[in-house]
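For reference, the structure discussed in these notes is given below.
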Amino acid sequence: MVPLSAYVAVSAVLFIIGLLGVLIRRNFIIVLMSVEIMLNAANINLVAFSYYLESMAGQLVALFIIAIAAGEAAIGLAIIIVVFRGKISTNVDEMNLLKW
Amino acid sequence: MSLYGTDLLALLPELIVVLTACVVIALDPVTPASRRDLLAWLSVGALALCLGLTGWQISVENVRVSAFSDLVAIDAYARFWKVLLYSVTGVTIVLSLPYLKAERIHLGEYYGFILLALSGMLVMVSAVDLLTIYLGTELMSISLYVMTGLNRSKPRSLEASAKYFVLGAFSSGILLYGISLLYGLAGSTKLASIAGAIGTRGTEDPLVLIATILIAVGFSFKLAAVPFHMWTPDVYQGAPTSITAFLAVASKAASFAAFIRVFVEGLGGLKADWSILFLIISILTLVLGNVVAIVQTNIKRMLAYSSIVHAGYVLIGFVAAGRGDGASGGTPGLASVMMYLAIYSFMTLGAFAVIGMLRKGGMEGEEIEDFAGLAKRQPLAAFLMLVFMASLAGIPPTAGFIAKFYVFMAAVEAGLAWLAAVALIFAAVSAYYYMRVVMVMYMREPSSSSVAPPQLATSPALSFVLACAVAGVILFGLFPNPLVSFALQSVLTLK
């Protein structure tokens, strides 16, 4: 049987990958993907804890998160499309109309 | 498990808001453009109904009602925020009407999204389970991402929307990871069980501390506290002014409401740890917010930094609540936080309403320079702005002074007199940039290069609301007792 610590370790690594992805990558779509990785790291945690604690609540929360992540991705992609139409670029660094 | 009528009845105001949102969005395509105002008035009517319902509950029996197997609890604390959120949303809709016409973004969805965001906020303030808190936050945030970018013809609005989305989703991810760790500790997402689990596991557990820090970071983004404030100025400047007002006021109030409930009801056992964390955050917020606000030339950006600074003051009240010991320890601090946010809401809404009204050659006059000589051409608008700026700066006899006074008193009572002194110094610094607006309005002549002098986009309803806001700011400054006792009566249900 896979120990709980293995799941938590995987989810921690995924969370850090997502975190660094948002902070380092400059393409809007990859930033969006990194956010999704962070959400899935939380999902792995929730499902693993749910299994080991024999409580259903975690799986329930994970299902809610999957649904919300889909909604968030839809809104995010819609925003990217509208921005892309105006700028022909999805680079985060080129969004520089607003600063200081 | 089945849905019980009593559960639905407990959530009646939320149901009314969601239903009205759906009706408004559904009616939008079949409503002729000339009659879109009716949709706005329908929304205001629904809000008035909800306000009446919640007000009736407060006056008849202000007790805790749990619904949906303890996922939400409507108590006096939740009702305080609900009353505030209904009023703020109603005012936002009224001030949007002339603004949207002038900006030509008169869309029916606009009101639908405002109501959907409001329903998310209503869930946030009454949620006692991390799942419902997360759901409410997302419903609010996703609606706000869209509303920020609603002015599709302006690149700034789109850019603000994109930035808000990235940082909002990022903060939700961090918050969620903290929630998953807390679930692992407690085996439940209910705040009461989490408080119990922390009680048995002790506060030294590193996992507890990591989860607390992640949740604190996630909420700090939503509250716009330094160092997680980067999105605030960009989003506030780029968004349509009516949405900026809504963001600065309603989303901040709802985030604080959920934040306080999580940290007091769920993580109350760790208050020695988090009060130090938020002490540092509040000082950073005051320093950075005030210093950067001084150099701003765009008034929306200046008010964005001002909103960051106000979050810092609110956090001082919160830290005082965490430090307070004894039976009534946290009460003065939490009551001062609630009062501060209520007063902050009305003065900020008023200031944004005046900015939204100011038109310069068909364009929005956003630079502080555009206010030059306003007192000569539009004496009434200039006077309103004077009152709101004085209140934001905390000058007596306005309500802003009362708000700061109670926060500082709470800090002194909790043995943080030095913190109150630091905050007082920064309040004096902030008076500089608020009074600069007043100085420009009253003492400076408009530069000759400005072709068209500022005009006002207003309506009778907006004038009425502004008159109420000014009256409120001055009356609560002179007679704060009703608000103080309302806040004290609402805070008692928190431990």
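Against the list (1) at the interface with chain B (Cβ under 8 Å from one of its Cβ atoms); (2) in contact with a Lys or Arg (Cβ under 9 Å, 6 or more places away or on another chain); (3) assigned to a helix (DSSP H, G or I), the condition A:Asp93 fails is (1). Can you say whether B:Val128 is of a type in the set (A, V, I, L, M) and in contact with a strand residue (DSSP E or B) (Cβ under 6 Å, 6 or more places away or on another chain), as far as the supplied structure shows? Taking the combined requirement at face value, the residue satisfies it. When we screen A:Val35, A:Val82 for residues that are at the interface with another protein chain (Cβ under 9 Å from one of its Cβ atoms) and either touching a strand residue (DSSP E or B) at 6+ places or on another chain (Cβ under 8 Å) or crowded, with 18+ Cβ neighbours inside 10 Å (or both), the only hit is A:Val35.
Within the stretch B:453-488, the set of residues being of a type in the set (S, T, N, Q) and within 26 Å of B:Ile355 (Cβ to Cβ) comprises B:Gln455, B:Thr458, B:Ser459, B:Ser463. Checked against (1) part of a helix (DSSP H, G or I); (2) over 26 Å from B:Ala487 (Cβ atoms); (3) more than 11 Å from chain A (Cβ to nearest Cβ), B:Ile105 passes all but a single condition, namely (1).
Yes or no, residue by residue, for (1) open to solvent by 10 Å² or more (accessible area, probe 1.4 Å); (2) within 10 Å of chain A (Cβ to nearest Cβ):
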site: B:Ile133; (1), (2): no, no
site: B:Ser153; (1), (2): yes, yes
site: B:Tyr164; (1), (2): yes, yes
site: B:Leu167; (1), (2): yes, yes
site: B:Phe170; (1), (2): yes, yes
site: B:Ser180; (1), (2): no, yes
site: B:Gly196; (1), (2): yes, no
site: B:Asp205; (1), (2): yes, no
site: B:Leu214; (1), (2): yes, yes
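Going by the structure shown, is B:Ser141 touching a Phe, Trp or Tyr at 6+ places or on another chain (Cβ under 9 Å), open to solvent by less than 10 Å² (accessible area, probe 1.4 Å) and at the interface with another protein chain (Cβ under 9 Å from one of its Cβ atoms)? Against the criterion (touching a Phe, Trp or Tyr at 6+ places or on another chain (Cβ under 9 Å), open to solvent by less than 10 Å² (accessible area, probe 1.4 Å) and at the interface with another protein chain (Cβ under 9 Å from one of its Cβ atoms)), B:Ser141 qualifies.
Exactly one residue out of A:Ala6, A:Ala42 is assigned to a helix (DSSP H, G or I), facing another protein chain (nearest Cβ under 10 Å) and not hydroxyl-bearing (Ser, Thr, Tyr): that is A:Ala42. Of all residues in the stretch B:239-277, those satisfying the criterion of being open to solvent by 10 Å² or more (accessible area, probe 1.4 Å) and more than 18 Å from B:Ile194 (Cα to Cα) are B:Ile276, B:Leu277.
Checking each residue in the stretch B:317-345 for being at pLDDT 90 or above and either of a type in the set (Ser, Thr, Tyr) or under 20 Å from B:Gly477 (Cβ atoms) (or both) picks out B:Gly317, B:Ala335, B:Ser336, B:Val337, B:Met338, B:Met339, B:Tyr340, B:Leu341, B:Ala342, B:Ile343, B:Tyr344, B:Ser345.
All of B:Ala10, B:Ala67 fail the test of being at pLDDT below 90, buried (at least 16 other Cβ atoms within 10 Å of the Cβ), within 25 Å of the chain's Cα centre (by Cα) and among the hydrophobic types (A, V, I, L, M, F, W, C), apart from B:Ala10. Beta carbons closer than 7 Å, at least 6 apart along the sequence or on distinct chains, pair a first residue in the stretch A:16-45 that is within 30 Å of A:Met56 (Cα to Cα) with a second that is open to solvent by 70 Å² or more (accessible area, probe 1.4 Å) and basic (Lys, Arg) for A:Ser34/A:Arg25.
Meeting the requirement of 3 or more residues that are without any contact (Cβ under 8 Å) to a residue 60 or more places away in the chain and surrounded by fewer than 23 Cβ atoms within 10 Å (Cβ to Cβ), the helices (runs of 4 or more DSSP H) wholly within the stretch B:353-442 are B:379-393. For the stretch A:42-62, the criterion of being open to solvent by 70 Å² or more (accessible area, probe 1.4 Å) and under 13 Å from the mean Cα position of the chain (by Cα) is satisfied by no residue at all. Kindly indicate the residue of the stretch B:37-96 that is in contact (Cβ under 8 Å) with a residue 12 or more places away in the chain and of a type in the set (D, E, K, R) and also farthest from B:Cys22 (Cα to Cα) among those meeting that condition. The qualifying residue farthest from B:Cys22 (Cα to Cα) is B:Arg64.
The values are calculated or read from the model by the stated rules, or taken from the named source; none is laboratory data. None of the values given here were measured: they were computed from a predicted structure. All Cβ positions, glycine included, derive from the backbone under ideal geometry; neighbour counts span all protein chains shown. Ligands, DNA and RNA are excluded from the accessible area calculation, which covers all protein heavy atoms including side chains. Shrake-Rupley method; radii C 1.70, N 1.55, O 1.52, S 1.80 Å.
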